[in-house]
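Reading through the structure tokens given below for one structure.
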């Protein structure tokens with residue numbers, strides 16, 4: 001069987017680690033009483049009428065280069081072609097497609113940067129609530145050439161050779177830079193976020209009215225603490241999450257209409273501790289989102305901006321202007337391909353890395369201040 005065909009096998013029967021049929025079980029899980037969302041007056045709510053660059057819904061497509069050769073060795077480029085901001089995205093790492101079984105790394109959902117590590121949360125396949133966290137040691141991978149044109153294929157090649165049971169010494173060196181956590185119940189998996197203030201990693205396990213979040217052990221890559229909570233009887237928890245350098249938590253959702261314009265962005269700001277969750281609605285929304293699908297919210301510690309990631313587009317705005325944004329504060333870039341955007345992470349230097357799929361890779365922003 002050809003390698004390409006094997007890598008494209010269906011994902012529904014794939015297994016990595018030990019799967020759980022229900023929620024993860026913790027002795028220290030907490031259930032928070034009352035509403036976690038502060039009350040507000042809808043009459044006081046406003047939106048900033050930023051220019052509409054919103055990219056519509058589209059069918060995800062693989063890049064021609066990925067279709068031609070899974071073991072890509074030269075970078076892809078996503079070009080910014082529309083908007084009042086300007087940046088491109090260029091491949092920094094071609095992420096593995098397989099590790100234990102064919103295609104089992106084919107569904108990355110979120111990414112967080114911590115020091116020299118990139119943490120990526122995967123689900124086993126589309127629609128699965130089972131998943132795992134992988135930690136990539138970027139310093140080790142850089143030393144081996146994983147981010148250099150001509151040798152960018154080494155991550156995919158080494159992981160494939162592990163599946164094929166034909167590892168070379170160089171393959172083992174590459175795999176030693178990767179730590180794969182156990183399979184757990186992770187929900188959608190698209191919300192993993194690191195709080196640099198208290199050095200904690202959290203993700204939204206369960207969205208909706210009756211929600212829950214879990215904390216991840218950065219060494220074992222295993223969830224080990226949960227908080228069950230309810231924002232209010234009418235407001236569901238979103239599927240995205242980020243933290244700023246002050247320890248504030250943020251998520252966003254698209255309005256369904258009514259007192260907030262339909263498909264506008266509603267932003268929430270709050271705090272997450274080991275004991276409680278609390279959010280407030282930011283009383284100014286954003287009229288036009290970058291795209292039809294809300295994938296992620298992320299934060300750049302260098303310029304103190306929040307970033308909204310939708311399929312095909314990214315919007316950014318300064319944290320210090322939240323609640324009184326002007327149109328000039330909101331900048332958007334729309335790209336030229338039909339990739340699935342999964343998340344965006346920034347290192348301490350403010351360099352941004354976009355997680356995309358079809359095929360999976362981390363792409364460096366050429367202008368993180370667009």
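We did not get these values from a lab; they are worked out from the coordinates using the rules stated. What you see is a predicted model; the values in this text were computed from it and never measured. With ideal geometry, Cβ positions are generated from the backbone for all residues, glycine too; neighbour counts draw on all protein chains shown.
So here's what we get for this one:
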read-out: Backbone N under 11 Å from the residue 90 label point (7 Å along Cα→Cβ), restricted to segment 127-159; value: 149
read-out: Anisotropy class of segment 65-143 from Cα gyration tensor, a/c 1.5 cut; value: rounded
read-out: Listed residues 160, 202, 259, most fluctuating in the chain (Gaussian network, C-alpha, under 10 Å); value: 259
read-out: Residue 65 versus residue 336: modelled label distance in nm, points set 7 Å from Cα along the beta carbon direction; value: 1.3 nm
read-out: Segment residue 58-residue 219, extension gain: residue separation times 0.36 nm, minus the distance between their alpha carbons; value: 54.2 nm
read-out: Choice from 154, 209, 293 with maximal GNM fluctuation in the chain (Cα, 10 Å cutoff); value: 209
read-out: Centre separation in Å (Cα based) which lies between segment 324-370 and segment 238-301; value: 17 Å
read-out: Volume in Å³ per residue [convex hull over Cα atoms, computed for segment 112-226]; value: 121 Å³
read-out: Estimated [θ] at 222 nm from DSSP helical runs (n ≥ 4, -39500 (n - 2.57)) normalised by residues in the chain, nearest 500; value: -2500 deg cm²/dmol
read-out: Net lengthening on full extension, residue 26/residue 326 (0.36 nm per residue, minus Cα-Cα); value: 103.5 nm
read-out: Between 0 and 90°, nearest 10: helix 154-163 axis offset from the chain longest Cα axis; value: 70 degrees
read-out: Anisotropy class of segment 197-251 from Cα gyration tensor, a/c 1.5 cut; value: oblate
read-out: Burial order of peptide ranges 311-323, 219-231 (average beta-carbon count within 10 Å, highest first); value: 311-323, 219-231
read-out: Highest-fluctuation residue, 307, 60, 117 considered, GNM on the chain with Cα pairs under 10 Å; value: 60
read-out: Approximate spin-label separation residue 199-residue 173, in nm, with each point projected 7 Å along Cα-to-Cβ; value: 3.0 nm
read-out: Additional length obtainable on full extension of the chain from residue 139 to residue 116, 0.36 nm per residue less Cα span; value: 7.7 nm
